[in-house]
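The values are calculated or read from the model by the stated rules, or taken from the named source; none is laboratory data. Just so it is clear, the model here is predicted, and its values are computed rather than measured. Every residue, glycine among them, receives a Cβ derived from its backbone with ideal geometry; neighbour counts consider all protein chains shown.
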Amino acid sequence: MTSRVSGALLALVLALATSASAGEPRVILISLDGVRADTPDRFELPGLARLEREGLRAARLESVFPSITFPAHVSMASGAPVDRHGIVANAFLDPERGLFDYANDPSWQAAEPVWVTAERQGVASAVFFWVGSMGPFEGVRPRHFVAPFDASVPESEKVDRILGWLDLPPAERPRLVLSWWKGADREGHRFGPDSPAVKEAMLDQDAELRRLLEGLDARSAWGDTTLLVASDHGMAEASEPVDLRAALEERGIGAKVGPFGGIAWIALDDPSRRQAAQEGIAALPGVRAYASDALPAPWRYGPASRLGDLVAVTDAPRYFRDGTRARVASALGLISGAHGYDPKREDMGAIFFAKGRGVPPGTRIGSVSILDVAPTITRLLGIEPPRDSEGRAIDAIAAPEAR
Ligand SMILES: [Zn+2]
């Protein structure tokens, strides 16, 4: 073979390889923690505005019950409701394993995360912080991940790393990327959802989102890449802390309490006092108490073994909170923010945007369930949905060849 022919052959092989890799679908999911559905309308956020203009915006994304960070993120990544994945709160007590405390070890969860779904089907994945991403789930972990979790890592570092992953050689390059961002959760809790601090946080998050968009522009990635930007829950104005532990102590009942805004679990020191504890809690204004093994079925909340003896719920402006900080804030008449309430409440709605492959520009849709995110991702990737998913792929987002 002459060198000229082999050169032409090489060029042909390279062209085929390039066109094949350009055609391989890729999905990036970013979660901005605690960003309420109406937040993009309240501030000028050019990154989100660009997604809305050039892609899809849902009126709201409905969280799970309860609308709190860990349960919601595991549901978003698995399509499974809480009683199926078992991460019932950010912290809880398991009768065998003891305390789960903001752990990122997926052996605590029963539902398959979407990066495991992808890896099982030959799709490389990468995760820069997500609940349950920092270990193997049934022996499978993301190809690339970052550990340990560190809330102080700036989003600029996440954007750099994500773009770096996209520049890896094809064999190592992930086709599924997930990343948790701080959103406006902390500021919303501290100062309330309408505070200037929330605006500041959103401006910062949006600036990093724009850097990600520009990085994708620079790589001409939109032909094969779909970017999803979601949040896990909204935020309500809260001003009346309810201290369940103190209320029980007044009745001489000792308990561990896991308070998460609109919801709390109560593990009694002496479970035989459940009736007295339930009556005591139910006597608090605006508070309802349920036996953990007799929760309303539509909540899909469980397993009961991880919920102590009782589950208490309340509604904003009341919120469950222990300790001095909440008491002082309340005494000073300060507004703070809380979530964990019924996900159907308007202010519990979260954001959902999409842009890129499979997303017609200027698309507006209504409410989307958080369970629908993972099966939407797998349909875009052309693979089977997560094993435990109960969601269904969003109609308005589909690969061009599937239309
Ligand atoms: Zn959250």
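Results, tabulated for the structure shown:
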| item | result |
| --- | --- |
| Residue check, Arg379 touching a strand residue (DSSP E or B) at 6+ places or on another chain (Cβ under 6 Å) and in contact (Cβ under 8 Å) with a residue 12 or more places away in the chain | no |
| For Ser220: the one exception among (1) on the phi > 0 side of the Ramachandran plot; (2) within 16 Å of the ligand (Cβ to nearest atom); (3) over 17 Å from the mean Cα position of the chain (by Cα) | (2) |
| Unique match (being surrounded by fewer than 24 Cβ atoms within 10 Å (Cβ to Cβ), closer than 25 Å to Val74 by Cβ and not assigned by TED's automatic domain parsing to the domain that holds Pro40) among Ser330, Ser272, Ser305 | Ser305 |
| Filtered residues of the range 244-259 (kept if closer than 17 Å to Arg288 by Cα and either part of a helix (DSSP H, G or I) or outside the structural domain of Phe320 (by TED's automatic domain parsing) (or both)) | Leu244, Arg245, Ala246, Ala247, Leu248 |
| Only one of Arg211, Arg245, Arg190 that is of a type in the set (Lys, Arg), in contact (Cβ under 8 Å) with a residue 40 or more places away in the chain and either out of contact with any Ser or Thr (no Cβ under 9 Å at 6 or more places or on another chain) or buried (at least 23 other Cβ atoms within 10 Å of the Cβ) (or both) | Arg245 |
| Odd one out for Asp194 among (1) modelled with pLDDT under 95; (2) under 25 Å from Ala103 (Cβ atoms); (3) more than 16 Å from the ligand (Cβ to nearest atom); (4) not hydrophobic (A, V, I, L, M, F, W, C) | (2) |
| Test: Glu112 is charged (D, E, K, R), under 19 Å from Gly258 (Cα atoms), at pLDDT 95 or above and part of a loop (DSSP other than H, G, I, E, B) | no |
